[in-house]
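The values are calculated or read from the model by the stated rules, or taken from the named source; none is laboratory data. The structure presented is a predicted model; accordingly, all values stated were derived computationally and were not measured. Cβ coordinates were reconstructed from backbone atoms using ideal geometry, including for glycine residues, and neighbour counts include every protein chain displayed. What goes into the accessible areas is simple: the full protein's heavy atoms, side chains included, and nothing from ligands, DNA or RNA. Shrake-Rupley method; radii C 1.70, N 1.55, O 1.52, S 1.80 Å.
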Amino acid sequence: MRDAIVLFVNGARREVRGDSAFLTLSDWLRDERRLTGTKVVCAEGDCGACTVLVGRPGGDRPWRFDPVNSCILTMAQLDGAHVLTIEAVAEREGLHEVQRAMCDSHGSQCGFCTPGFVMAMLGHFEHHPGERADRKSVANHLTGNLCRCTGYLPILDAAEDVRPEHTRSVVARHHSEAVAQTLDLATRESLQIRSEARGTILAPTTVAELVALRAARPEARIIAGNTDLGVLVNKQKLWPAGSARSALSLHLVRELDGVVVDGRSVTVGARATLGEVERALAGLVPDLSSLLRVFASPQIKNAGTLVGNVANGSPIGDTIPSLFALGAELELTSERGARWVSIERYYTGYKQTSLAADELVTRVRFTAPDPAASVFRAYKICQRRDLDISFVGAAFCLEHRDGVITAARVAYGGVGPTVLRLSEVERALVGVSLRDERAWESVAAQIEAAVSPRSDLRGSEQGRRLLSGNLFRKLGFELRGEVQQ
Ligand SMILES: Cc1cc2nc3c(=O)[nH]c(=O)nc-3n(C[C@H](O)[C@H](O)[C@H](O)COP(=O)(O)OP(=O)(O)OC[C@H]3O[C@@H](n4cnc5c(N)ncnc54)[C@H](O)[C@@H]3O)c2cc1C
Ligand code: FES
Ligand code: FES
């Protein structure tokens with residue numbers, strides 16, 4: 001059993017032991033490595049000032065480097081990873097092309113957000129080598145970065161000004177096959193870090209070991225991407241300062257990697273990030289992939305997992321209505337074996353689930369709807385397009401023959417203590433034509449009566465009720481070709 005995290009930072013091998021393993025990546029970089037180019041502003045994943053590139057094996061490509069928020073990642077998760085910070089970007093001869101463009105386009109004033117913007121932009125250019133920036137896709141890529149003084153136009157101008165022929169890969173400069181092999185060898189052994197003051201972090205390498213540890217320590221928090229947990233820790237809502245913690249991290253369990261697509265059947269491992277799911281479903285369930293485009297920010301999706309969204313169990317979790325409408329099942333695994341349960345049976349109340357103390361969610365599976373015989377749509381309503389949590393979400397899967405509905409699955413989030421499946425509405429839809437405006441209006445009214453929303457800071461009870469009906473009306477307009485997507 002290893003007692004040290006092994007990672008590379010800007011091409012150099014580092015080991016981290018004891019209390020330091022419990023720090024956030026940004027605190028460790030700044031306080032212990034004096035790499036203070038990485039800034040911390042919000043410490044909750046919202047502003048992108050702390051963006052660094054993290055590469056690790058697994059997922060949909062071997063060794064993919066992606067921008068992530070270092071303020072909500074815990075050091076233990078970086079075991080086996082290669083972290084690139086702003087200090088790695090400038091070249092011996094001077095500024096990197098992205099930095100040059102930021103200066104020449106006046107993309108920086110106070111400079112506090114600038115390292116985060118440069119790292120996020122680099123992530124984009126690393127994935128699109130040799131390409132000029134397309135303003136729209138760069139703007140989408142930068143939704144996780146806030147600037148309070150320069151404004152976004154000069155920053156987008158800078159991205160457009162980056163010359164591909166002058167843009168050298170920062171990853172290629174610092175990463176190599178030898179680094180990958182060193183990390184691979186070092187992380188074949190499980191990790192156990194104990195600290196008198198801070199607690200215990202365990203990271204097994206196999207599912208068998210994972211479930212044995214889960215049985216032995218049912219109180220241990222499971223850590224997947226840490227995007228929900230990291231915010232709670234920073235706000236001291238979980239493990240207040242000074243308290244000991246016990247955590248079980250999934251980051252070494254490669255069996256739980258990736259999205260497996262076999263024909264129309266899709267299985268998502270507990271380690272698959274939301275970014276991987278978005279890419280894997282683009283051609284298969286395009287509406288869910290598009291919904292993921294407005295999920296959080298690229299930085300959050302590069303760390304957060306689909307299973308974490310499901311396991312967190314918030315009634316406004318963006319992916320959950322879609323998984324209800326797709327008839328998804330969850331694999332719950334313990335030392336006693338694995339069982340598949342329908343996602344609806346998993347939730348028993350507000351953030352309550354039927355997961356036993358010795359179980360964890362290992363996979364999600366569903367069948368992608370056949371577009372020739374069904375309609376699948378997913379919607380998210382929030383107060384701003386980017387980086388906002390929905391106040392109402394809905395998903396519909398309508399099977400039809402010759403345009404007449406033969407079976408329906410209808411699910412709403414944000415209108416009850418859990419995501420709701422509206423069975424009576426589904427029954428009422430059978431036999432209805434996809435283009436029958438009058439029947440559609442009566443079902444919309446039925447939906448407004450069936451949901452049970454509450455008023456809170458995000459929206460009123462009446463607003464949520466009306467939106468629930470209106471999302472179904474919107475689907476009707478779309479199906480009748482009366483609205484452009
Ligand atoms: C800035 C920001 C923006 C966000 N925007 C959105 C948004 O637009 N929409 C949205 O829905 N969410 C959003 N979130 C919430 C979060 O990113 C998602 O819920 C994400 O999917 C969580 O995944 P994770 O892997 O990071 O989970 P973690 O934080 O690692 O875990 C979340 C919870 O699930 C448990 N858990 C994790 N894996 C398992 C498992 N395999 N078995 C059992 N329990 C498990 C953990 O113990 C924890 O209680 C946002 C968060 C932040 C910080
Ligand atoms: S400091 Fe704001 S996202 Fe990390
Ligand atoms: S340059 Fe000041 S916050 Fe962006």
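The set of residues in the stretch 106-126 being in contact (Cβ under 8 Å) with a residue 60 or more places away in the chain and either surrounded by fewer than 20 Cβ atoms within 10 Å (Cβ to Cβ) or within 16 Å of ligand 2 (Cβ to nearest atom) (or both) consists of Phe112, Cys113, Pro115, Gly116, Phe117, Met119, Ala120, Gly123. Flag not set for Ala378, criterion: assigned to a strand (DSSP E or B), under 22 Å from Val260 (Cβ atoms), open to solvent by 40 Å² or more (accessible area, probe 1.4 Å) and within 14 Å of ligand 1 (Cβ to nearest atom). State whether one or more residues within the stretch 16-27 are more than 17 Å from Gln236 (Cα to Cα), part of a loop (DSSP other than H, G, I, E, B) and not assigned by TED's automatic domain parsing to the domain that holds Gly304. Looking for residues that are more than 17 Å from Gln236 (Cα to Cα), part of a loop (DSSP other than H, G, I, E, B) and not assigned by TED's automatic domain parsing to the domain that holds Gly304, one finds at least one in the stretch 16-27, hence yes. Residues in the stretch 455-469 that are under 25 Å from the mean Cα position of the chain (by Cα) and of a type in the set (A, V, I, L, M): 1 in all.
Evaluate the following for Val253: is it open to solvent by less than 50 Å² (accessible area, probe 1.4 Å) and either within 13 Å of ligand 1 (Cβ to nearest atom) or small (Gly, Ala, Ser) (or both)? Yes; evaluated as a whole, the condition is true for this residue.
List the residue pairs whose Cβ atoms are under 6 Å apart, where the first residue sits in the stretch 218-246 and is of a type in the set (Ser, Thr, Tyr), the second is open to solvent by less than 30 Å² (accessible area, probe 1.4 Å) and part of a helix (DSSP H, G or I), and the two are 6 or more positions apart or on different chains. Once the first residue is of a type in the set (Ser, Thr, Tyr) and sits in the stretch 218-246, its partners that are open to solvent by less than 30 Å² (accessible area, probe 1.4 Å) and part of a helix (DSSP H, G or I) give Thr227/Ile300. Scanning the stretch 304-325 turns up no residue that is aromatic (Phe, Trp, Tyr) and open to solvent by 20 Å² or more (accessible area, probe 1.4 Å).
Scanning the stretch 396-430 for residues that are in contact with a Lys or Arg (Cβ under 6 Å, 6 or more places away or on another chain) and open to solvent by less than 10 Å² (accessible area, probe 1.4 Å) yields a total of 3.
At least 2 residues being among the acidic types (Asp, Glu) and not assigned by TED's automatic domain parsing to the domain that holds Arg245 is the threshold, and among the helices (runs of 4 or more DSSP H) wholly inside the stretch 151-195 those reaching it are 152-161.
For the stretch 127-150, the candidate set comprises residues that are assigned to a helix (DSSP H, G or I) and loosely packed, with under 13 Cβ neighbours inside 10 Å; within that set, the residue that is nearest to ligand 1 (Cβ to nearest atom) is Lys136.
Evaluation of Cys103 against the conditions (1) closer than 28 Å to Lys237 by Cα; (2) open to solvent by 20 Å² or more (accessible area, probe 1.4 Å); (3) in a helix (DSSP H, G or I); (4) of a type in the set (A, V, I, L, M, F, W, C) shows that the sole unmet condition is (1). Of the residues making up the stretch 67-113, just one is within 16 Å of ligand 1 (Cβ to nearest atom) and of a type in the set (D, E, K, R), namely Asp79. Do you know which residues across the stretch 287-321 are within 6 Å of ligand 1 (Cβ to nearest atom), closer than 20 Å to Glu359 by Cβ and either in a helix (DSSP H, G or I) or over 10 Å from the mean Cα position of the chain (by Cα) (or both)? Listed by number, the residues that qualify are Val307, Gly308, Asn309, Ala311, Asn312, Gly317. Looking only at residues that are assigned to a strand (DSSP E or B) and out of contact with any helix residue (DSSP H, G or I) (no Cβ under 7 Å at 6 or more places or on another chain) in the stretch 84-95, which one is surrounded by the fewest Cβ atoms within 10 Å (Cβ to Cβ)? Looking at residues that are assigned to a strand (DSSP E or B) and out of contact with any helix residue (DSSP H, G or I) (no Cβ under 7 Å at 6 or more places or on another chain), I get Gly94. Scanning the stretch 44-73 for residues that are open to solvent by 20 Å² or more (accessible area, probe 1.4 Å), in a loop (DSSP other than H, G, I, E, B) and more than 16 Å from ligand 3 (Cβ to nearest atom), we see that the one that is modelled with the highest pLDDT is Glu44.
Considering each residue of the stretch 139-156 in turn, at least one proves to be touching a Phe, Trp or Tyr at 6+ places or on another chain (Cβ under 9 Å), more than 26 Å from Gly313 (Cα to Cα) and free of Cβ contacts under 8 Å to residues at least 24 places away in the same chain. Every listed requirement among (1) open to solvent by 50 Å² or more (accessible area, probe 1.4 Å); (2) in a loop (DSSP other than H, G, I, E, B); (3) on the phi < 0 side of the Ramachandran plot is met by Arg34 save one, (3). Screening Gly151 on (1) under 29 Å from Val268 (Cβ atoms); (2) modelled with pLDDT under 95 shows it passes everything except condition (1).
Taken across the stretch 293-303, residues that are among the hydroxyl-bearing types (Ser, Thr, Tyr), open to solvent by 20 Å² or more (accessible area, probe 1.4 Å) and touching an Asp or Glu at 6+ places or on another chain (Cβ under 9 Å) do not occur at all.
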